[in-house]
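The values are calculated or read from the model by the stated rules, or taken from the named source; none is laboratory data. The structure displayed is predicted, hence computed values, not measured ones. When we count neighbours, we look across all protein chains shown, and the Cβ atoms used for this are built from the backbone with ideal geometry, even at glycine. Just the protein is used for accessible areas: all its heavy atoms, side chains included, with ligands, DNA and RNA removed. Shrake-Rupley method; radii C 1.70, N 1.55, O 1.52, S 1.80 Å.
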Amino acid sequence: MNILLANDDGIDARGIHELADALKGLGDLYISAPDSQRSASGHGITVSQPITVTETTFPGATGAFRMSGTPADCVKMAVLHFMKDCPPDLVVSGVNEGPNVGSDVIYSGTV
């Protein structure tokens, strides 16, 4: 099984490392996450500037990518490019820093 893991708190956030650790034994794990905090970016995509992508190492991951774009950019780039030959069977987002409750879900990059 191919698993894509993303978040909105950035690739260095504690939550994505904890979730990756929990998922790593279930299949081939791929990470595509922002290079820094991108909370509250909702469904936004980057259209007016280049997106930089850096392939990186990540404990337990088959492949990992650090991107300057939004969480939606990260998932879109992974599905259409990084994982084109091995599409994800499962996409997981989180673990979020802070709550995602009530109206937060409307603009959450994690949700």
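List, please: which pairs have Cβ atoms under 9 Å, are six or more places apart or on different chains, and start with a residue in segment 63-79 that is touching a residue at least 24 places away in the same chain (Cβ under 8 Å) and end with one that is in a helix (DSSP H, G or I) and among the aromatic types (Phe, Trp, Tyr)?
63/82; 65/82
Could you count how many residues in segment 8-51 are farther than 13 Å from residue 92 by Cα and in contact with a Phe, Trp or Tyr (Cβ under 7 Å, 6 or more places away or on another chain)?
2
Name the one entry in 92, 53 that is surrounded by fewer than 21 Cβ atoms within 10 Å (Cβ to Cβ), within 9 Å of the chain's Cα centre (by Cα) and not hydroxyl-bearing (Ser, Thr, Tyr). Before you say what the answer is, go through the steps one by one.
Values: 53 fails: within 9 Å of the chain's Cα centre (by Cα).
Every option except 92 fails the conditions.
Return the residues of segment 1-45 that are of a type in the set (A, V, I, L, M), under 14 Å from residue 73 (Cβ atoms) and at pLDDT below 95; say none if nothing qualifies.
Result: 45, single match.
Could you grab the pairs with beta carbons closer than 8 Å, sequence gap of 6+ or different chains, first residue in segment 22-51 and more than 11 Å from residue 70 (Cβ to Cβ) and of a type in the set (Gly, Ala, Ser), second one in a strand (DSSP E or B) and open to solvent by 60 Å² or more (accessible area, probe 1.4 Å)?
Pairs that qualify, where the first residue is more than 11 Å from residue 70 (Cβ to Cβ) and of a type in the set (Gly, Ala, Ser) and the partner is in a strand (DSSP E or B) and open to solvent by 60 Å² or more (accessible area, probe 1.4 Å), are 27/90.
Could you tell me whether any residue of segment 94-104 is of a type outside the set (Ser, Thr, Tyr), modelled with pLDDT under 95 and outside any loop (DSSP other than H, G, I, E, B)? Before you say what the answer is, go through the steps one by one.
Keep residues of segment 94-104 that are of a type outside the set (Ser, Thr, Tyr), which gives 94-102, 104.
Okay, now just the ones that are also modelled with pLDDT under 95, so 94-102, 104.
When the remaining residues are screened for being outside any loop (DSSP other than H, G, I, E, B), the result is 104.
Yes; the residues of segment 94-104 include at least one that is of a type outside the set (Ser, Thr, Tyr), modelled with pLDDT under 95 and outside any loop (DSSP other than H, G, I, E, B).
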